[in-house]
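*Asks:* One structure, pasted below without further comment.
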Amino acid sequence: MIARSAAVFGFNEYSQQIARHVRNIYQDFALFVMTKEEEKAAFEAGFLVELVDLSDDWSRIEEHFDVKSLIVFCALSNDSENVFLTISLRAQFAQLNIVALAQDNESATKMKSAGANKVLPSLEIAANVISDMLEKPIVTKVLHDVLYQDGLLNIIEIEVPRYSTFVGRHLHDIHFKSEYDVILLAIVDHEMGTTFSFASKGHNHHIDPHDVFVVIGYQDKLEALKLAVKRHHA
Amino acid sequence: MLGRWVVAFAFFLHSSTVYRRVKNSTYNLLENSNYPYKKYFDFMMILLIFLSVYILIRQVKHEMSLSWLFFNNYIISLIFFIEYLLRLWIYSDSTKVVIDQYEHDLFLHRPFSLGKSLKTIVKHKLEFVFSASAMVDLLAVMPFFHEFRLLRVFILFRVLKLFRYAKSLRRLISILSSKKFELLTLALFAMIIIIVSSVLIYVMEANNPASKINTLFDAVYWSVVTIFTVGYGDFVPVTHEGRVVAMVIIVSGIAVISFATSIIVSAFTEKLDEIKEEKLIDDVSKLERFYLICGYSSLTHEVIHRLKKIFKHIVILEKDPLKAKEAQSEGFIVLNADPSSLYTYHTTQIQFEEQVIAVILLEDSDVANIYTALTIRELNKKIPLYSILHHHENRKKLSLAGIDEMVNPHLLVGLMSRRISHQPIAFDVIHELRLGHGGTVIEEIVLDSGMSKRFFELLLHPLFHQRLSMLGIYQNRTQTFAFNPDPSYEILAGDVAIVVANKALCSEFRDHLHGKKIK
């Protein structure tokens, strides 16, 4: 289910950046802090926050959000507390989408075990970007622009609706490059699960309802493809 | 009048670029271990030394041809003598002494004192002449007077000259000289024991007909052989008194050897870190190209872990000895030095222009990174500088310090969170492509002008069509990215194509692009 609300836990440089980047894309957004000091610092930084603790009382979350359409970012400064927060949330809400921040790889594994859907290991992320900048500077620049900048070039996911004209066709019959001026990077085969496979593997995949295309292209071309995919059989 | 001529000549030499250049080159060749040609010179001198020793040994039992003897006695000696004179020349700057004296006297309205200048010059030169290494150099020239048979033994001084050319031997001398006082005390102790025991054994044994020790020289020889625990057995005491002396000297001998060993071992132990550091600096100066990382932390560890896959030489500068030790234990090349100090780059002899590909600043604070960046920019304006950015508000300051690219982990996490929130699969796809774990990678292929036709034809070849996606071409000249260009796109030299495919297929595509025929 597409998330409509987001909650960020913790107040530090990471959680501030997360809050700044996600608060505008959700209908409901809340920043939860653990201490009075954090509450004060957040207030001074211009954030409206709510004070919570790591006890088992999650009624505030249930009152405020529809848990099924909520995404939670666990970004406490202390990794062990962050693991505890993740496992507490998972114990309470089985369906909740949890993104957890980890300082290192060791904590990242623990976050996964604690039930996080996605882990962002900050150390690994920074190291990857630095080595990418040195090894493949142009690729890094282009991908950074595509992923994070609001430029014309973008990467999006398009889910194939049940009655789409694309259903029943084979991947090689659709000329993404020449016809739509976009490039298909990967496809998620709905029947095979949620993992994706790269289009460059060369498989002539049979398109089924709810498959997901991951495509890269200019915004207007992507919109055109989106419309084409959504078009129903006559 | 003579004084005026001397001053004029000194000024002439001082201002002569040819004279300066020759003197500088001579200095570099003889004394500057960083001078690239010095190693060839050292190698040649070592060769001459070994040749001399070989001829000396060969001469003992065989007839040597006259040409060989001439080469040994005259040519090699002459080369060594010229080297000695050159060292004497470069040891001090006599022209500067004359000029300084002249200017000093002029300032005080006195007539130029030639005598004072000559005294200073001679004083400086004598400092060289009486230095241990210069004396060895001079003695090594002695075989030149080969007519005096005894002087031939001086050829062995040529072996001592090896200390000049072999760094490790010089290091050994410096280590031992750090324990000069202890070694001299021990030598004095051993000498006293030898003298006392020699006299005693002589007194006890010389008048005994059964004893072989008849002279004082025999007694000294016996004492030396015994105290150093060799004990040939050719001279043995036969009297009870002599044997008591022997027992005392044997025990003392063990003490002398043990003390000597412990002094030498402790000298090495104390200098071990220094030796290692010097060796490391030597190793780094021999590296052709490397990445220089300033500061060691968990992030440095992660970065090196990734960089090692593409480039094996990475040098770390870390000022904290504990962190440096930690990095060393991980097997990294670490110099325990402050990256923000100019002195560090002077002592470590890092050549930015020739050796360093890029500098990565990974210190714990923006303040430290800015300080280091300014130091490096003082030494080199062009070297690419990358840095971690700890606080977003310092971005401009780092940029002003000359840092080309910055990575702010907090901002990255924020941007990723947004992408993960609404396009999680797309994010995973890009992440996977970057890591290349599944075999599919995103690669850069450098293109050349005139490649357009072949490039676009290859993309349609059955081997690559549907299996290699070309995202676009990055035009280096305009720094713009042309997404999914059509075959009419004109490729210029230095443009870079970005492709997504299996790693092996990418490599195949690159080969075919550069002329390999498709079977």
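*Asks:* Just name the residue that is nearest to the chain's Cα centre (by Cα) out of those in region B:228-247 that are exposed (fewer than 14 other Cβ atoms within 10 Å of the Cβ) and in contact (Cβ under 8 Å) with a residue 12 or more places away in the chain.
*Replies:* Once the filter is applied, the top-ranked residue is B:229.
*Asks:* Scanning region B:455-475 for residues that are assigned to a helix (DSSP H, G or I) and surrounded by 15 or more Cβ atoms within 10 Å (Cβ to Cβ), which turns out nearest to the other protein chains (Cβ to nearest Cβ)? Lay out the reasoning, then the answer.
*Replies:* So the first thing to find is which residues in region B:455-475 are assigned to a helix (DSSP H, G or I), and the list is B:455-460.
Then drop every residue that is not surrounded by 15 or more Cβ atoms within 10 Å (Cβ to Cβ), which leaves B:455-456, B:458-459.
Numbers: B:455: 15, B:456: 12, B:458: 15, B:459: 10 Å.
Of everything passing the filter in region B:455-475, B:459 is nearest to the other protein chains (Cβ to nearest Cβ).
*Asks:* With respect to residue B:76, determine if the residue is β-branched (Val, Ile, Thr), surrounded by 12 or more Cβ atoms within 10 Å (Cβ to Cβ) and part of a helix (DSSP H, G or I). Write out each step before concluding.
*Replies:* Working: β-branched (Val, Ile, Thr): yes; surrounded by 12 or more Cβ atoms within 10 Å (Cβ to Cβ): yes; part of a helix (DSSP H, G or I): yes.
Spelling it out, residue B:76 is indeed β-branched (Val, Ile, Thr), surrounded by 12 or more Cβ atoms within 10 Å (Cβ to Cβ) and part of a helix (DSSP H, G or I).
*Asks:* Could you list, in sequence order, the residues of region B:189-206 that are within 13 Å of residue B:225 (Cα to Cα) and hydroxyl-bearing (Ser, Thr, Tyr)?
*Replies:* B:197, B:198
*Asks:* Another one. State all residues of region B:194-239 that are in a loop (DSSP other than H, G, I, E, B) and among the aliphatic types (A, V, I, L, M); if no residue qualifies, say none.
*Replies:* Start the filter on region B:194-239 by keeping residues that are in a loop (DSSP other than H, G, I, E, B), which leaves B:206-215, B:228-239.
Result: B:206, B:210, B:213, B:230, B:236, B:238.
*Asks:* Go through region B:476-494 residue by residue and tally those that are more than 22 Å from residue A:178 (Cβ to Cβ), modelled with pLDDT of 85 or more and surrounded by 14 or more Cβ atoms within 10 Å (Cβ to Cβ).
*Replies:* Residues meeting the conditions: 1.
*Asks:* Moving on to the next point. Quick test of your reading of the structure: residue B:223 fulfils all but one of (1) buried (at least 17 other Cβ atoms within 10 Å of the Cβ); (2) modelled with pLDDT under 90; (3) more than 30 Å from residue B:45 (Cβ to Cβ). Name the failing condition by number.
*Replies:* If we test residue B:223 against (1) buried (at least 17 other Cβ atoms within 10 Å of the Cβ); (2) modelled with pLDDT under 90; (3) more than 30 Å from residue B:45 (Cβ to Cβ), just (2) comes out false.
*Asks:* Please tell me if residue B:411 is at the interface with another protein chain (Cβ under 7 Å from one of its Cβ atoms), closer than 19 Å to residue A:146 by Cα, buried (at least 18 other Cβ atoms within 10 Å of the Cβ) and not β-branched (Val, Ile, Thr). Before the answer, list the steps.
*Replies:* Values: at the interface with another protein chain (Cβ under 7 Å from one of its Cβ atoms): yes; closer than 19 Å to residue A:146 by Cα: yes; buried (at least 18 other Cβ atoms within 10 Å of the Cβ): yes; not β-branched (Val, Ile, Thr): yes.
For residue B:411, the condition - at the interface with another protein chain (Cβ under 7 Å from one of its Cβ atoms), closer than 19 Å to residue A:146 by Cα, buried (at least 18 other Cβ atoms within 10 Å of the Cβ) and not β-branched (Val, Ile, Thr) - is met.
*Asks:* Here's another thing I want to ask about it. So if I check each of B:257, B:213, B:250, which one is surrounded by fewer than 16 Cβ atoms within 10 Å (Cβ to Cβ) and modelled with pLDDT of 90 or more?
*Replies:* On the way: B:257 fails: modelled with pLDDT of 90 or more; B:213 fails: surrounded by fewer than 16 Cβ atoms within 10 Å (Cβ to Cβ).
On inspection, the qualifying residue turns out to be B:250.
*Asks:* Give me the pairs, please: first residue somewhere in region A:120-137 and more than 7 Å from chain B (Cβ to nearest Cβ), second residue anywhere and crowded, with 20+ Cβ neighbours inside 10 Å, beta-carbon distance under 7 Å, and either six or more positions apart or on two chains.
*Replies:* Partner pairs satisfying both residue conditions: A:121/A:102; A:121/A:108.
*Asks:* Also, quick follow-up: If we keep just the residues of region B:429-447 that are at the interface with chain A (Cβ under 7 Å from one of its Cβ atoms) and part of a helix (DSSP H, G or I), which is surrounded by the fewest Cβ atoms within 10 Å (Cβ to Cβ)?
*Replies:* B:434
*Asks:* Also, I was wondering about something else. Report, ordered by the first and then the second residue, all pairs with beta carbons closer than 7 Å, sequence separation of six or more or different chains, a first member in region B:297-326 that is under 17 Å from residue B:434 (Cβ atoms), and a second member that is buried (at least 17 other Cβ atoms within 10 Å of the Cβ) and among the charged types (D, E, K, R).
*Replies:* Hits for this filter: B:302/A:124.
*Asks:* Of the residues that make up region A:102-111, is at least one without any contact (Cβ under 8 Å) to a residue 12 or more places away in the chain, crowded, with 24+ Cβ neighbours inside 10 Å and either over 19 Å from the mean Cα position of the chain (by Cα) or not assigned by TED's automatic domain parsing to the domain that holds residue A:11 (or both)?
*Replies:* So in region A:102-111, the residues without any contact (Cβ under 8 Å) to a residue 12 or more places away in the chain come out as A:106, A:109.
Imposing the further condition that a residue be crowded, with 24+ Cβ neighbours inside 10 Å reduces the set to none.
Among the residues of region A:102-111, not one is without any contact (Cβ under 8 Å) to a residue 12 or more places away in the chain, crowded, with 24+ Cβ neighbours inside 10 Å and either over 19 Å from the mean Cα position of the chain (by Cα) or not assigned by TED's automatic domain parsing to the domain that holds residue A:11 (or both), which makes the answer no.
*Asks:* Six or more apart or on different chains, Cβ under 6 Å: which pairs go from a residue in region B:254-271 that's in contact (Cβ under 8 Å) with a residue 60 or more places away in the chain and closer than 26 Å to residue B:223 by Cβ to one that's among the acidic types (Asp, Glu) and part of a helix (DSSP H, G or I)? Could you list them?
*Replies:* B:263/B:182
The values are calculated or read from the model by the stated rules, or taken from the named source; none is laboratory data. Given the structure is predicted, the values throughout are model-derived calculations rather than measurements. Positions of Cβ are backbone-derived with ideal geometry, glycine not excepted, and every protein chain shown enters the neighbour counts.
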